[in-house]
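*Asks:* I'd like to ask you about the structure that follows.
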Amino acid sequence: MAIDYESHGWIWDGVYYYPHLFGGLMLTAALLGLSTSYFGGLGVFSLPYLRSDSGIFHKKKHENKKRVRVYMDGCFDLMHYGHANALRQAKDLGDELVVGVVSDEEIIANKGPPVLSMEERLTLVSGLKWVDEVIANAPYAITEQFMDRLFNEYKIDCIIHGDDPCLLPDGTDAYALAKQVGRYKQIKRTEGVSSTDIVGRILSSVKYTQVKEDNGSTSSSGNSHKAIQSNSVQLSQFLPTSRRIVQFSNCKGPGPNARIVYIDGAFDLFHAGHVEILKNARQLGDFLLVGVHTDQVVSEHRGNHYPIMHLHERSLSVLAYRYVDEVIIGAPWEVTKDMIITFNISLVVHGTVAETNSPLGGETDPYAIPKSMGIFRLLESPKSVTTTSVAERIVANHDAYVKRNAKKAESEKKYYEEKTFISGD
């Protein structure tokens, strides 16, 4: 039967302009068995004819939205939670984050000798959960040639840096060109930590240790000892907030049948060895739970000049990595049966490379219970680096780092004196 378009034009217009609405009405009518006369003689199509290719119920296809690619660079020497938070903020400004790691030569020319090698810095940056791609040996300043590479080869839409000034030795802005072409965005600097600050803490702890040894290692009390400790050891200025922890967290628990792997430690002065051991531990299960020891526990086992980074700083550093699912902030030294049951731990692991500290007098093996339960495994450490070995690099090149810190301290002092509020998180 031929359908008279003119007499039922309003219906056809409705089908054309509101296909989903009229499609739903006709489908409902077909299922309910309503008379076709209800639609003014317009035959209700049977289900086989409700095809997407008929053109009548065509669903509009949206073109794929272009993914925004953003770029951020840095030296990332002595990687800390401030670096991680900067990259987290940068990722929020786009869909894909490309990170440039400045070459050793460029760091030496502009700041002084780096503590970590390029390989170590690449490991630290690429393991962060917000990083999608890494460019090795990036220049310290955004040159015209490199900017062209970013825009054309890497398809970068925007270049990002923190609100703290980044000046070249001649006093010019390292990001001047990016700002001139209108492809620059600024994020808020994470307060309370910097590589310069960490170097200062290490140098201060060394000074404290030397003074303590000069006064006699047996003296453990007295006002002079307390004065030495308070005057020589730099304290962190970081103010932890619950919001920052949430921003770093995955906010996901393990599945009902997940194999949960547990590893603990100080994770002080977070380095490439930490990244690799966490990566290997995560491969042994479905969910990696990491215990970060308290400052008191670390001090008891490594000495009063440790930890260099306090508990919340160390916890955020661990949480920033893609291999970590959850962190126990202030984990106990001993892995107890109650803890294993509470967190449903399937396997407890520990690396073969650790700080060489003698256990406290009369102290039991912290892994005695998981060993007795048959759920402990010694995991081969991929790297030999430790917190102490990283600190020793700075001590070995003491004069160069003192000079470098003095120079950076001046610029940081000026930054804080001229600091104004910048929105962001």
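*Asks:* Working with all protein chains in place, sort SER317, SER299 by solvent-accessible area computed with a 1.4 Å probe, largest first.
*Replies:* Sorted by accessible area, descending: SER299, SER317.
*Asks:* For every other residue with a beta carbon closer than 10 angstrom to the beta carbon of ASP104, add +1 if it is Lys or Arg and -1 if Asp or Glu, then tell me the sum.
*Replies:* Within the 10 Å Cβ shell, the charges total -2.
*Asks:* Provide the per residue accessible area, probe 1.4 Å, for the stretch 81-160, rounded to a whole number of square angstrom.
*Replies:* Ligands and nucleic acids excluded, the figure is 36 Å² per residue.
*Asks:* Another question, if that's okay. Please go through the residue pairs LYS91/LYS188; LYS185/LYS403; LYS252/LYS383; LYS91/LYS383; LYS91/LYS155; LYS65/LYS129 and name each one whose alpha carbons sit more than 25 Å apart in this structure.
*Replies:* Exceeds cut-off: LYS185/LYS403; LYS252/LYS383; LYS91/LYS383.
*Asks:* Given R₀ = 35 Å, what would the calculated FRET efficiency be for LYS371 paired with VAL246, taking r from the Cβ atoms and rounding to 0.05?
*Replies:* 0.50
*Asks:* Please go through the stretch 107-156 and write out the trypsin sites (Lys or Arg not before Pro) that DSSP classes as loop and that have at most 14 other C-beta atoms within 10 Å.
*Replies:* Counting only loop positions with at most 14 other Cβ atoms within 10 Å, the trypsin sites (Lys or Arg not before Pro) in the stretch 107-156 are LYS155.
*Asks:* Once the other residues with Cβ under 11 Å from the Cβ of PRO366 are scored (Lys, Arg +1; Asp, Glu -1), what is the net sum?
*Replies:* Residues close to PRO366 contribute a combined charge of -3.
*Asks:* In whole angstrom, how far apart do the alpha carbon centroids of the stretch 73-127 and the stretch 373-392 sit?
*Replies:* 24 Å
*Asks:* For a quick check: with amide H placed at 1.01 Å from N, whose amide H comes under 5 Å from GLY162's, ignoring anything fewer than 5 positions away on the same chain?
*Replies:* Hits under the 5 Å cutoff: ILE187.
*Asks:* Over the Cα atoms of the stretch 60-131, Rg to Rh with Kirkwood Rh, two decimal places?
*Replies:* 1.12
*Asks:* Hand me the GluC sites (Glu not before Pro) from the stretch 120-189 located in a DSSP loop with no more than 12 other Cβ atoms within 10 Å, in residue order please.
*Replies:* GLU153
The values are calculated or read from the model by the stated rules, or taken from the named source; none is laboratory data. Here the structure is a predicted model, which is why all the values come from computation and not from measurement. Glycine also receives a Cβ, built like all others from the backbone with ideal geometry; neighbour counts cover every protein chain displayed. Accessible surface areas use protein heavy atoms only, side chains included; no ligands, DNA or RNA. Shrake-Rupley method; radii C 1.70, N 1.55, O 1.52, S 1.80 Å.
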